[in-house]
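Structure, as structure tokens:
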Amino acid sequence: MNDSEMRHAIGIDFGGTSVKLALVNERGAILVRRKFNTSDAPGQQGWLARVEQEVASIRAEAAPDTQIVGAGVGVPGFVDFERGYIYELTNVPGWTGVHLGALLEERIGLRTRIDNDVNAMALGECTFGAGRTYQHAVFVTLGTGVGGGLLINNKLYRGAHWMAGEIGHVSIDMNGIPSPTGFGGVEQYVGNRRIVERMEKAIDSGRATILLDLVNGDRSRLSPKVLKEAADKGDVVALEILEYVTDCLATAFASITYILQPQAFIVGGGVAEDAKLLFQLLRKNVEKRLSAHFSKRLEIKPAELSNDAGVIGCATLALIE
């Protein structure tokens, strides 16, 4: 099948920093890309007008006979998937109670699906990436927080109120760190800020470590990627922190496994890229916390779509949902 015979969709990955758009075919290949800074299109009307402009530009660049069946948008917040309605966005003001699906359809003339951004990424990974061979998988993204998406019977599971898969709030300590979502949620221990806090605490304790050397003494540059680099070099402090982080994740993964029995966990996010040691430790700690019956049937794999997971997943919303 050549590209002119395929169905296509436009994926729109709406982030707090930038908005990425892409024309994607039904095999998950990106044909045209666009990107703009979120701050360059402030407010609902500014954003809608800019997206309308970029979609028109994508259509102009695409081949004349390209069949575009719809658009999908992934947003960083709480969404009613069925209604295309945004309850609230986490890091973008002015987007509370918005029927984005209807507004965008009116602008671009395409059937439009709206979902949480991590759900969209999960759908992309499970359709075209590391999860494409599974019918039951859990997608996890590691970043500022911990996000997740659930694939059950080869379909994205959103729950009764469209918010299933909030893995970052799974408690790993009933008396643990409090947050607006409860106590002991895993992202309170392994979110980027918490990891950096542990790095700084180790440095302040006077222990020998190369963590500061890797950032030329600039603490503002400490990050999970720096931790990963130090651990790969054999730094004892970094290895201890990475062991702690992966054991926290493994505790959540074990609980999820006993409830859902997925075939695989697909792990994405910057810290999970090119992270062989992280996956080795995660696998070891998951096996420690699961019975052999479950652990021997479970795979833990890195995501494959990297920075394209968002736009590919958003387009997939329109292609298959």
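Rule-based calculations on the coordinates, nothing more; no lab input. Just so you know, these numbers come straight off a predicted model, no measurement behind them. Here the Cβ is made from the backbone with ideal geometry for all residues, glycine too, and neighbour counts use every protein chain on show.
Data table
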quantity	calculated
The range 133-213: relative contact order in percent, alpha carbon pairs under 8 Å with at least 6 residues between	21
Given (1) 20.4, 65; (2) 17.6, 54; (3) 21.1, 69, the label whose value is Rg and Dmax of the Cα atoms in Å derived from this model	(1)
Cα-centre dipole for the range 246-308 with unit charges at Cβ (Lys and Arg positive, Asp and Glu negative), debye to 20	400
Where labels lie 7 Å past Cα in the beta-carbon direction, separation of Glu197 and Arg219 in nm	1.4
Considering only the range 1-83, percent of DSSP beta bridges that pair antiparallel, nearest 5	65
Nearest 10 degrees, 0 to 90: helix 309-320 Cα axis against the chain principal axis	50
Share antiparallel - DSSP beta bridges, the chain, percent rounded to 5	60
Length-normalised contact order of the chain in % [C-alpha pairs under 8 Å, at least 6 apart]	21
Cα centroid separation - the range 155-176 against the range 220-286, whole Å	19
Length-normalised contact order for the range 130-304 - Cα pairs under 8 Å, 6+ apart - percent	23
Derived scalar couplings ³J(HN,Hα) [the range 56-67; Karplus, 6.51 cos²θ - 1.76 cosθ + 1.60; whole Hz; x for Gly, Pro]	4, 5, 5, 4, 5, 7, 5, 4, x, 9, 5, 8
Qualifying trypsin sites (Lys or Arg not before Pro) for the range 1-109 [loop in DSSP, other Cβ within 10 Å: at most 13]	Arg27, Arg83
Fraction of beta bridges assigned by DSSP in the range 130-304 that are antiparallel (%, nearest 5)	55
